[in-house]
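Reading through the structure tokens given below for one structure.
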Amino acid sequence: PNKDGINVNGGKSVADDPCKGRCDHVCVGNDICTCMEGYKLKPDGQRCEDINECLLGSSNCRVGERCINTEGSFRCMREVSCGTGYELTENNDCKDIDECETGIHNCGEQFECQNSQGSFRCVPKTKCGEGFIQDALGSCIDINECVTQTSPCHRGQICLNTVGSYICQRNSVNCGRGYHLNEDGTRCVDIDECKGPEQVCAGHACINQLGSYRCECEMGYNFNSITRLCEDINECRHYPGRLCAHKCENTLGSYKCSCTTGFNLAKDGKNCDDLNECESNPCSQECANVYGSYQCYCRRGYQLSDIDGMTCEDIDECALPTGGHICSYRCHNTPGSFHCSCPVNGYTLAVNGRSCQDVDECVTNKHTCTENESCFNIQGGYRCLSFDCPNNYRRIGQTAPRLERSDTIRCIKSCQPNNMACVLDPTHSVSHTFISLPTFREFTRPEEIVFLRTTVPAYRSYHLGNYDVNFNILEGNMENAFDIIKRVENGVYVGVVRQVKSLIGPRETVLKLSMRNLTTQGESGQNIINVHVFVSEFWF
């Protein structure tokens, strides 16, 4: 609104607008509306909308510029940016950047910055005098006018450069290589290089030639015509594998041969002989020389060290995985060997040096049994046994001073007259037998240890009826390690006592067995067999 509070449209007040404010932009009278530049009238004849000059192709953008439409107008934008040293202006033009003015140059203190299109130059502050030129670092260096200028001197003169200038001298006679002026200075004569102060052939024979010389090189050298020197011949490279058996090393004027480890140079200086390292005793025990080397080995009971391959270390046979099976009881390692030992009492070492043999104290009379006791040998010891028959029983046979595994002490019933209790007692006999068993063993099947034989025919009938035998374990079956079965052998009944599992640790027990005779009328009596079982450790 203007200062009078009246809206202005097209430069005229609404009060003066003949179109009465219906036009967006300009009213030209008679209710006719027009639009400002960059706009077009809509079909309603009142509102205006933007003209897209880029779409209609009415923009004036140059080649390389892209048209971008704006409200009521458009603008042109460069498709490619300006190069290094230039910047884009508001008019879409590339303008040079003055690096000197903006201070983005890298000129040193000895230089001044001088701007150029798209770049800049560093101009030295110090100005060089005549005859000098500045290098890239700003230093003044001499100009060689004799080179940079074409014929600076007159004909018949030679140019000599000086610092900052040059001089011209009259030309004199120049002799070629290998010649020099005579004393008169009128002609060139040959120089005898072989007689000069310098040893041109360095110890080799020198032969003078016109304008030159040559060297007669010693054996092992070749004359180089370019350097005019005697150069060493590398025989090892020229004749590979033909001079030395092993290694060839070049030397001045010759060569020398050497051998690899394990060999000595032969008398001819070329071949190699095998070195017998065993003569210096490198091994701790045994040494075997081989071609170009040697091999250490050890005696039985030792093994070669993995560290140096020369020292022999003792093998601890007792610690080997099979060490537990070397000795039956205890293994003792010794340097280079081992020995086995047995328990202190009851055993002795077998002839093979590994197994332990039980000492039969009953045979060697090393027991302490009295006259009234019987000696029974067990593994690793013995037992002194004495047996008295129960009342109303008497022993059959004499007591032996030494009992074997198969021996049996038997007591049969012997009743006093009128002793009805004895007569009615069904037990006819009480027997004692003995057995020695080892401790822990692996059982694949039961082991038969005691046989109770009868005289009763199997499957036979008597005038009183059928006859049978029954076997039982009454007492002493510790850990149920034993059982008893009945079977027929040679037509009679036999009771077989079996060990069905192992017993751990030394122990003793008495298996009380009963053998009862059975008829169809009932029991006709029984026999008691006491099996004395001694379980001890076996060292086989």
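The values are calculated or read from the model by the stated rules, or taken from the named source; none is laboratory data. These numbers come from a predicted model, not from an experiment. Quick reminder, even Gly has a Cβ in these numbers, built from the backbone with ideal geometry, and neighbours come from all protein chains shown. The accessibility values were calculated without ligands, DNA or RNA, using every heavy atom of the protein model including side chains. Shrake-Rupley method; radii C 1.70, N 1.55, O 1.52, S 1.80 Å.
Would you mention how many residues in the stretch 218-237 are within 13 Å of residue 201 (Cα to Cα) and touching a helix residue (DSSP H, G or I) at 6+ places or on another chain (Cβ under 8 Å)? Going through the stretch 218-237 one residue at a time, the tally reaches 0.
Among the residues making up the stretch 289-313, a single one is among the β-branched types (Val, Ile, Thr) and open to solvent by 70 Å² or more (accessible area, probe 1.4 Å): 307.
Per the listing 206, 175, 168, the residue uniquely open to solvent by less than 50 Å² (accessible area, probe 1.4 Å) and not in a loop (DSSP other than H, G, I, E, B) is 206. Scanning the stretch 187-195 finds no residues that are at pLDDT 85 or above, open to solvent by 50 Å² or more (accessible area, probe 1.4 Å), aliphatic (A, V, I, L, M) and in a strand (DSSP E or B). Would you confirm whether or not the stretch 428-448 contains a residue that is touching a strand residue (DSSP E or B) at 6+ places or on another chain (Cβ under 6 Å) and open to solvent by 80 Å² or more (accessible area, probe 1.4 Å)? Taking every residue of the stretch 428-448 in turn, none turns out to be touching a strand residue (DSSP E or B) at 6+ places or on another chain (Cβ under 6 Å) and open to solvent by 80 Å² or more (accessible area, probe 1.4 Å). Quick check, is residue 377 open to solvent by 30 Å² or more (accessible area, probe 1.4 Å) and touching a Leu at 6+ places or on another chain (Cβ under 9 Å)? Yes. A search for C-beta distances below 7 Å between a residue of the stretch 86-110 that is part of a loop (DSSP other than H, G, I, E, B) and any residue that is open to solvent by 100 Å² or more (accessible area, probe 1.4 Å), counting only pairs 6+ apart in sequence or on different chains, returns 89/95; 110/125. Restricting attention to the stretch 69-83, which residues are open to solvent by less than 40 Å² (accessible area, probe 1.4 Å) and in a strand (DSSP E or B)? Across the stretch 69-83, the qualifying residue is only 76. Scanning for something of a type in the set (D, E, K, R) and at pLDDT below 90, does the stretch 240-255 turn up at least one residue? The answer is yes; a qualifying residue exists. Scanning the stretch 449-466 for residues that are among the hydroxyl-bearing types (Ser, Thr, Tyr) and either open to solvent by 50 Å² or more (accessible area, probe 1.4 Å) or modelled with pLDDT under 75 (or both) yields 455, 459, 461, 462.
Under the condition of being part of a loop (DSSP other than H, G, I, E, B), under 22 Å from residue 452 (Cα atoms) and at pLDDT 85 or above, which residue from the stretch 389-406 is least open to solvent (accessible area, probe 1.4 Å)? That would be 389.
Answer yes or no as to whether residue 362 is of a type outside the set (A, V, I, L, M), touching a residue at least 12 places away in the same chain (Cβ under 8 Å) and more than 19 Å from residue 535 (Cα to Cα). Spelling it out, it is not the case that residue 362 is of a type outside the set (A, V, I, L, M), touching a residue at least 12 places away in the same chain (Cβ under 8 Å) and more than 19 Å from residue 535 (Cα to Cα). Here residue 46 fulfils each of the conditions (1) exposed (fewer than 13 other Cβ atoms within 10 Å of the Cβ); (2) modelled with pLDDT under 90 apart from (1). Looking at the stretch 127-135, is at least one residue in contact with a helix residue (DSSP H, G or I) (Cβ under 9 Å, 6 or more places away or on another chain), surrounded by 15 or more Cβ atoms within 10 Å (Cβ to Cβ) and either without any contact (Cβ under 8 Å) to a residue 60 or more places away in the chain or of a type in the set (Lys, Arg) (or both)? The answer is yes, given that some residue of the stretch 127-135 is in contact with a helix residue (DSSP H, G or I) (Cβ under 9 Å, 6 or more places away or on another chain), surrounded by 15 or more Cβ atoms within 10 Å (Cβ to Cβ) and either without any contact (Cβ under 8 Å) to a residue 60 or more places away in the chain or of a type in the set (Lys, Arg) (or both). Residues in the stretch 220-236: is at least one part of a helix (DSSP H, G or I) and either among the small types (Gly, Ala, Ser) or modelled with pLDDT of 90 or more (or both)? Within the stretch 220-236 (the criterion being part of a helix (DSSP H, G or I) and either among the small types (Gly, Ala, Ser) or modelled with pLDDT of 90 or more (or both)), the answer is yes, since at least one residue qualifies. Checking each residue in the stretch 314-352 for being exposed (fewer than 12 other Cβ atoms within 10 Å of the Cβ) and in contact with a strand residue (DSSP E or B) (Cβ under 6 Å, 6 or more places away or on another chain) picks out 335, 348.
Within the stretch 399-456, being farther than 21 Å from residue 509 by Cβ, touching a residue at least 12 places away in the same chain (Cβ under 8 Å) and among the charged types (D, E, K, R) holds for 402, 413, 425, 442, 453. With respect to being part of a loop (DSSP other than H, G, I, E, B), without any contact (Cβ under 8 Å) to a residue 24 or more places away in the chain and either among the hydroxyl-bearing types (Ser, Thr, Tyr) or under 17 Å from residue 227 (Cβ atoms) (or both), residue 183 falls outside the description. Looking across the stretch 367-385, just one residue is modelled with pLDDT of 90 or more and either charged (D, E, K, R) or within 52 Å of the chain's Cα centre (by Cα) (or both), and that is 383.
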